[in-house]
1. From the set of residues in region A:504-533 that are assigned to a loop (DSSP other than H, G, I, E, B) and basic (Lys, Arg), which is nearest to RNA strand B (Cβ to nearest atom)?
2. Identify all residues within region A:9-56 that are open to solvent by less than 10 Å² (accessible area, probe 1.4 Å), among the hydroxyl-bearing types (Ser, Thr, Tyr) and either in a helix (DSSP H, G or I) or not assigned by TED's automatic domain parsing to the domain that holds A:ALA79 (or both); write none if there are none.
3. Just the residues that are touching a strand residue (DSSP E or B) at 6+ places or on another chain (Cβ under 7 Å), of a type in the set (A, V, I, L, M) and modelled with pLDDT under 80, please, taken from region A:559-598.
4. From the list A:TYR354, A:TYR349, which one is open to solvent by less than 20 Å² (accessible area, probe 1.4 Å) and in contact with a strand residue (DSSP E or B) (Cβ under 8 Å, 6 or more places away or on another chain)?
5. Checking A:SER154 against (1) in contact with a strand residue (DSSP E or B) (Cβ under 6 Å, 6 or more places away or on another chain); (2) open to solvent by 50 Å² or more (accessible area, probe 1.4 Å); (3) within 13 Å of RNA strand B (Cβ to nearest atom), which single condition isn't satisfied?
6. Condition check: within 15 Å of RNA strand B (Cβ to nearest atom), open to solvent by 70 Å² or more (accessible area, probe 1.4 Å) and outside any helix (DSSP H, G or I). Does A:ARG457 satisfy that?
7. Take the residues in region A:280-312 that are over 24 Å from the mean Cα position of the chain (by Cα) and within 23 Å of A:ALA427 (Cα to Cα), then tell me which one is most open to solvent (accessible area, probe 1.4 Å).
8. Residues A:HIS77, A:HIS95: which one is open to solvent by less than 10 Å² (accessible area, probe 1.4 Å) and modelled with pLDDT of 95 or more?
Amino acid sequence: MARILVTSALPYANGPIHLGHLVEYIQTDIWVRFQKLHGRRCIYVCADDTHGTAIMIRARQEGVREEDLIARMQQAHLADFSGFQIAFDNYGSTHSAENRAFCEEIWQALRHDDLVSEKEVEQLYDSAAGTFLADRFVRGTCPKCKAPDQYGDSCDKCGAHYDATDLIDPKSKHSGATPEIRKAKHLFVGIERLHAFLDQWTTSGALQTEISNYLKGHFLHEPLRDWDVSRPAPYFGFEIPDSPGNYWYVWFDAPIGYIASTKQWCDRHNEQLGDWWRSDETEVHHFIGKDITYFHTLFWPAMLKTAGYNLPKKVHIHGFLTVNGQKMAKSKGTFIKAAAYLEQLDPAYLRYYYASKLGGNVEDLDLNLDEFLTKVNSDIVGKFVNLASRTANFVRKSGLAKVYPDDGGLFAAAAHDGAAIAEAYEACDFAKAMRLIMTAADRANKFIDENAPWNLRGPEQAARQLDVCTIGLNLFRQLAVYLAPVLPKMAQDIGEFMNGALTHWSQSQQPLVGTPVDKFQHLMQRVDQKKIDAMVAASAEPDPATAPAAPAPSAGNVPTDGDEALKAEPLTAECTVDDLAKIDLRVCRIIAAEEVAEAKKLLKLTISLGGDTRRTVFAGIKGCYDPAKLVGKLYICVANLAPRKMKFGLSEGMMLAAGGEGDVHLLIPDEGSKPGQRIH
RNA sequence: CGCGGGGUGGAGCAGCCCGGUAGCUCGCGAGGCUCAUAACCUCGAGGUCGCAGGUUCGAAUCCUGUCCCCGCCA
């Protein structure tokens, strides 16, 4: 194939990059680097996704122009990506002249094929904020099961799907106002006419089988519904030229951003866009998360087909990231932003860890922080880097041997593995590639152990020592080539250390001889548990996503809170100061915490009130807090509560906490307070 | 009977497509080495491969049934 064009999904310009996003960018970047390492013509394009109501509202809240907001966000995104060594060939924006031009062109093609129709749509309108409300910006009571505080499209509690206009007692998340129902004209693209094409394309090998099964079961088994692609003003986006007052829905112009970004690259490199998007000699590969499957596997191919662009050769779909087995949560410190990671840890760790877990399927990927530490340390530092670390010093003066010695077939074996490793990379089964590489590293370490170059002293053994170390370093370099897509920075350092840049996969097939070797310097520090802890601590936010669309501090906005909690648990009868004084609340420090195995909700806590005063408290917070993370921190307890015998032991107090039933939040005294201090 | 994914030694996984008495990493136990970032090497304990049937000379691998877990702003 003459050309390979690769994309990752466009990150939305409404928030920072976090470790979940990075699964995709790291996966894509590894794949692209692998292609380039083979000398293939491959470019990697991406862009910020900048349109939509959310951006508009946020800009208003911050009192800035949308253009300024998205420009700032793009800078932040680019900094995060470059920190993780994600090497885009072009990073654009959907709010670009190029993108507008391609939107218009594709729109014309849809019009030309008579796929566009108009319909009246009833939608909730927030007159206080002056905007129509997308489903996720309105909350109200489920019309089916009456659960309060549900989104506009479906109910968390009963799973019902409905229209936002059916919500009982709806409230806008923007202003808190009760929205009204307004009618507006929307434009629709009818893709049912492309049904047969989509049946064929979705089963053509472009998609993982679980994805094509899913599409068949959920969408393609019945007539495809028309796709609502316009939004009435006010909206931040591109106005539709032949429908003034209406704008393309953000999901219409977002994927077109792939083409627009390619165009920017072409203009810079004097290339023709047609060679990359209208050519049988080009493969287009999209990498996306499972949440945006249907935009990329139904609407997008339909648009491309209609407008005569290349169809994706493959849409690689990955799962979500969980951290320590659970959804990322700000309250647990597992909603980790890229920037927070980079403050503490080497991006290479995460690149390797993700690579070792990515098998090219749609399964969710778990970042287990304990495993992260042991895996990176033992694989990269203990096995791989160690090869150089234990041999380099012996060849500093001499450089590598002039002739590659007999190594019992080790180099040849690992060279032979190269085909299987490449195949695994190609198939996005990086986990398999890493396993193969580490097996080869094991063989190399064993060789060094058996040949003990440190015992080969004196002039009569110098030649043998040189040979052994030449072998060791060549096996190391060979693996460095294999790992280069995952660890590009380290590959570069290794190239410098061994005085020969690693630029092509074929370098794994030929040993290096006769060249000088620099003084060995540590290529990677071991992962430090303290750094991980610091990252988690810095990411923890006591207040989870209850606040609406994060108001800017500068604007001085106070978030509008709902009254669900108050309704659920009304205020109790008045009490006197004396009543209050009966309760002795104290600052305490948790000095031990463990789960009660037999209990569903209990943690056994040992708390200190200062000095030798200790208490054992059973708190119903299992599942809400990781015991290990509690230890050492200050909280507030009821210190004079009568002890109570429980099945599991004596509980001598109670921890103060808000919420309940799986959603418990311990109270934290402000900085400076000390164990034993009474709360007045 | 919604769809999909999964159940393999303490943890995380590979093997399953193309059946031949179970493998890797971490952890654990013992020993070795001392070149190396408490790294490396050897040996060991630990699994009737969710359960029950079936096919077969033989099944983790194929078939049937069943239980359990996870995801479905997929």
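1. First, the residues of region A:504-533 that are assigned to a loop (DSSP other than H, G, I, E, B): A:504, A:509-528.
Still in the list and also basic (Lys, Arg): A:519, A:526.
On the way: A:LYS519: 12, A:ARG526: 4 Å.
This residue is A:ARG526.
2. A:TYR25, A:THR28
3. First, pick out the residues of region A:559-598 that are touching a strand residue (DSSP E or B) at 6+ places or on another chain (Cβ under 7 Å): A:583-596.
Adding the requirement that they be of a type in the set (A, V, I, L, M) leaves A:583, A:585, A:587, A:590-593, A:596.
Result: A:ILE583, A:VAL596.
4. Numbers: A:TYR349 fails: in contact with a strand residue (DSSP E or B) (Cβ under 8 Å, 6 or more places away or on another chain).
Answer to the selection: A:TYR354.
5. Result: A:SER154 passes all but (2).
6. Working: within 15 Å of RNA strand B (Cβ to nearest atom): yes; open to solvent by 70 Å² or more (accessible area, probe 1.4 Å): yes; outside any helix (DSSP H, G or I): yes.
Spelling it out, A:ARG457 is indeed within 15 Å of RNA strand B (Cβ to nearest atom), open to solvent by 70 Å² or more (accessible area, probe 1.4 Å) and outside any helix (DSSP H, G or I).
7. The qualifying residue most open to solvent (accessible area, probe 1.4 Å) is A:ASP280.
8. Details: A:HIS95 fails: open to solvent by less than 10 Å² (accessible area, probe 1.4 Å).
Unique residue meeting the criteria: A:HIS77.
The values are calculated or read from the model by the stated rules, or taken from the named source; none is laboratory data. All figures in this text were calculated on a predicted structure; none of them were measured in a lab. Glycine gets a Cβ as well: all are built from the backbone with ideal geometry, and neighbour counts include every protein chain shown. Note: areas computed on protein heavy atoms with side chains; ligands, DNA, RNA excluded. Shrake-Rupley method; radii C 1.70, N 1.55, O 1.52, S 1.80 Å.
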